[in-house]
Amino acid sequence: MLDSYGRDINYLRISVTDLCNLKCRYCTPLNGCEKKEQKEILSLSEIKDITEAFVSLGTQKVRITGGEPLIREGIINIIESIGKMDKVKDFAMTTNGILLEKYAKDLKSVGLNRVNISLDTLDDKKYNHITRGGSLKEVLKGIEAAKKVGISPIKLNVVLIKDFNEDEINSFVSLTKYEDIDVRFIELMPIGQTYKWSLEKYKSNSIVLEKNKDLIKIESTDISSPATYYKLPGGKGRVGLINPISCKFCDKCNRIRLTADGKVKSCLHSNEEINLINRYRNGEDIKKIIYDLIMSKPKEHGLENGDFISRNMMAIGG
């Protein structure tokens with residue numbers, strides 16, 4: 001479905017929970033987030049019905065996010081219900097990988113195509129620090145489990161953080177030499193209560209190319225992808241750069257976000273949202289609501305003008 005600027009809005013990102021088993025410093029406030037009551041969170045059947053409404057309007061790509069989606073009770077049932085929708089051509093999940101070893105086989109069996117794994121460091125101590133207690137070994141086991149059952153391609157999302165993982169850029173890039181994986185460096189975005197910390201730790205993705213001058217730019221098969229892709233000479237995998245700050249990609253944005261508490265956002269970096277779940281529960285025509293939302297999708301965000309949103313990232317969906 002085309003919005004008022006001619007963009008094909010065919011991508012729905014669904015946050016199934018705003019809770020997480022990690023407390024990453026750029027995502028979660030130090031004291032955590034307030035836990036919502038069960039009635040405030042989308043039920044399994046509501047997620048299915050709303051997703052079907054989006055699909056009927058042209059959504060072909062669905063991504064499950066959180067918080068951490070694998071801690072959501074009934075997550076396999078959610079994946080199965082969406083996996084059965086014939087018009088969904090690309091079905092993926094973003095996860096921190098901590099529970100992936102446990103769930104990889106089941107996820108594959110009920111229709112999940114691929115996973116993006118958030119991984120900002122390859123150092124045990126640094127991983128424990130940035131996640132406030134996470135175990136890198138569990139993530140690595142999860143990656144291997146996903147490979148074993150054939151969930152592919154695997155993409156590693158690396159948030160570039162000043163004075164934290166700049167020294168690991170080459171190590172991450174080297175992973176693509178012999179592994180058929182994508183390593184995507186993402187610029188740190190100022191969002192929610194952690195925006196001041198994020199502004200202080202921002203580093204442009206240009207440093208990746210400065211440190212790896214042999215990377216060769218390649219064309220992406222997905223023209224709506226926010227990443228610009230590169231390859232090492234003879235490399236099996238790809239290196240992606242996602243630059244929402246230094247080089248925003250609003251002109252090809254094709255996504256809508258559904259939060260765990262039933263709000264829909266047409267722009268990640270806007271405070272504007274519609275309480276879809278209340279209107280659904282009141283018996284309103286949600287297809288019309290979704291249509292109107294898509295048609296009013298803004299042309300671009302205003303991050304460069306200091307337009308920061310108040311919701312924390314884990315409450316929106318990564």
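What follows is calculated from the coordinates using simple rules that are stated; it is not laboratory data. These numbers were taken from a predicted model, which means no experiment stands behind them. Note: ideal-geometry Cβ built from the backbone for every residue, glycine included; neighbour counts use all protein chains shown.
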*Share of antiparallel DSSP beta bridges in the chain, in percent to the nearest 5?*
25 percent
*Apply the Karplus parameterisation 6.51 cos²θ - 1.76 cosθ + 1.60, with θ equal to phi minus 60°, to every residue of segment 266-282 and state each ³J(HN,Hα) to the nearest whole Hz, in sequence, with x for glycine and proline.*
8, 9, 4, 9, 10, 7, 6, 7, 10, 7, 5, 5, 5, 6, 5, 5, 8
*Calculate how many DSSP beta bridges within segment 62-168 are antiparallel, expressed in % of all such bridges and rounded to the nearest 5.*
0 percent
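Fully extended, how many nm does the chain gain between residue 271 and residue 211 (0.36 nm per residue separation, minus their Cα-Cα distance)?
Here the answer is 18.0 nm.
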*So what are the ³J(HN,Hα) numbers for segment 67-83, from phi and the Karplus equation (6.51, -1.76, 1.60; θ = phi - 60°), rounded to whole Hz, Gly and Pro as x?*
x, 10, x, 6, 8, 6, 4, x, 4, 5, 5, 4, 4, 4, 5, 7, x
*Which of 44, 151, 241, positive extreme of dipole for the chain (C-beta unit charges)*: 151
*For residue 108, list the aspartates and glutamates whose Cα falls under 14 Å from its own Cα; do not include residues on the same chain fewer than 8 positions away.*
80, 90, 144
*Please identify which residues in segment 159-176 have an amide N closer than 16 Å to a label point set 7 Å out from the Cα of residue 147, following the Cα→Cβ vector.*
172-176
*Please sort 76-87, 283-294 by packing, taking for each peptide the average over its residues of neighbouring beta carbons within 10 angstrom, highest first.*
76-87, 283-294
*Taking the structure as given and computing Rg and Dmax of the Cα atoms in Å, which label from (i) 24.8, 103; (ii) 18.7, 57; (iii) 22.1, 75 fits?*
(ii)
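Which pairs, out of 148/299; 105/252; 147/213, put more than 31 Å between their alpha-carbon atoms?
Over 31 Å Cα-Cα: 148/299; 105/252.
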